[in-house]
Amino acid sequence: MGTVAITDHVFPSIENQRQVIESAGFEFREIQPICKTEDDVIQRCTGVDVLLVQWAPVTRRVLEALPEVKCVVRYGIGVDNIDVAAARELGRTVANVANYCFEEVSNHAVAMIISLGRRIPHDHYQIAHGGWGVKALLPIPAFSDLTLGLIGFGSIARRVAAKAKVFDFHLIASDPFVPESAFQENGVQRVDLDTLLKTADLITLHCPLLPDTRHLIRHDSIEKMRPRTILINTSRGPLIKEEDLIEALKSGKLAGAGLDVFEVEPLPAQSPLRALPNVLLTSHAASVSERARQKLQILAADAARDFLQGKRPAGTLT
């Protein structure tokens, strides 16, 4: 009998996953207390064939210490906490759940774009601190006079583009890995990254965290941006060098930022971002809805079951 174990999660219930695994004749196990460190995973996950992982680290050390673990499934799209290269080298399977929250994340990004474009967080802050009036918020351009730039043009970014069209933004995007046909089909102008940084009034990030994209947004890239640009990140926190972002928000170089993800999560209590009047902060919540949560759990369990049945799981990366 194969065994599937959940290392860590924040779901209110895991019964839907239990049903998927146990109805296929496999053992299902929830690790408690949850695994937070490499040592936790190593000590508590012996004798397990497949790990279902949310945030627990699955490093080379973990994989080498647990040779019986043949497959790791990540709850979500990103696999930052899994050493995919080591897994590939060691002959282990890694899978993610890539197709579950396109609508939620794109809705969240558009909500931030509209809120910041209309200066809603700015106005809320001033009213909450005793102020009043639009003078401090000006200029507020019409959306039809603004260019929205998307860095990355995968499935979520394309949904953002489709929804943003309703507000009459001019749309541009940069992604060296997407064919020209995708831009044409979605009615979005393709530009290189440098052009996007220099011409967009609002920039939204939709790219993976890779060595080449870590701190993609930093002092020198911010300096290329138009004065009073607005920046949105619902992708991965380390795409932005936060100390440089904070400096640009304080100086007025950037008019605002909408952030759902951060370099360190939870966002430290002492982070200056918490006190700035021109930011909109959410708790890595862009992917969340009841429908998306249930789909995520079931698709992850399906991948684990499929692996144990000798099938190639959906979302396989190695």
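Bear in mind that the values in this text are calculations on the coordinates, not laboratory data. No experiment lies behind these values; they were computed from the predicted model shown. Every residue, glycine as well, gets a Cβ built from its backbone with ideal geometry; the counts of neighbours run over all protein chains shown.
Structure notes:
- Highest average packing first - 195-202, 48-55, 268-275, Cβ atoms within 10 Å: 48-55, 195-202, 268-275
- Summed side-chain charge close to R274 - residues other than R274 whose Cβ falls under 15 Å, Lys, Arg +1, Asp, Glu -1: -4
- Convex hull volume per residue in cubic angstrom - Cα atoms of the chain: 146
- Cα centroid separation, the range 176-217 to the range 1-64 (Å): 36
- Loop-located chymotrypsin sites (Phe, Trp or Tyr not before Pro) in the range 105-172 whose Cβ has at most 13 other Cβ within 10 Å (DSSP): W132
- Members of K165/K224; K163/K253; K135/K253; K163/K224; K36/K70 lying beyond 23 Å, as alpha-carbon distances in this model show: K165/K224; K163/K253; K163/K224
- Mean ellipticity per residue at 222 nm, deg cm²/dmol - from DSSP H runs of n ≥ 4 across the chain, formula -39500 (n - 2.57): -10000 deg cm²/dmol
- Farthest toward positive dipole pole in the range 103-248 [+1 Lys/Arg, -1 Asp/Glu at C-beta], among L205, F169, I120: I120
- Per residue, the Cα convex hull of the range 102-281 amounts to 112 Å³.
- Whole-number Å³ per residue for the convex hull built on Cα positions in the range 242-290: 83
- Segment S283-K224, extension gain: residue separation times 0.36 nm, minus the distance between their alpha carbons: 18.4 nm
- Debye intensity ratio in log₁₀ form over the Cα atoms of the range 154-231, taken at each q of 0.18, 0.21 Å⁻¹: -0.78, -1.06
- Charge dipole magnitude, Cβ of K and R +1, D and E -1 - the chain, Cα centre, debye nearest 20: 560
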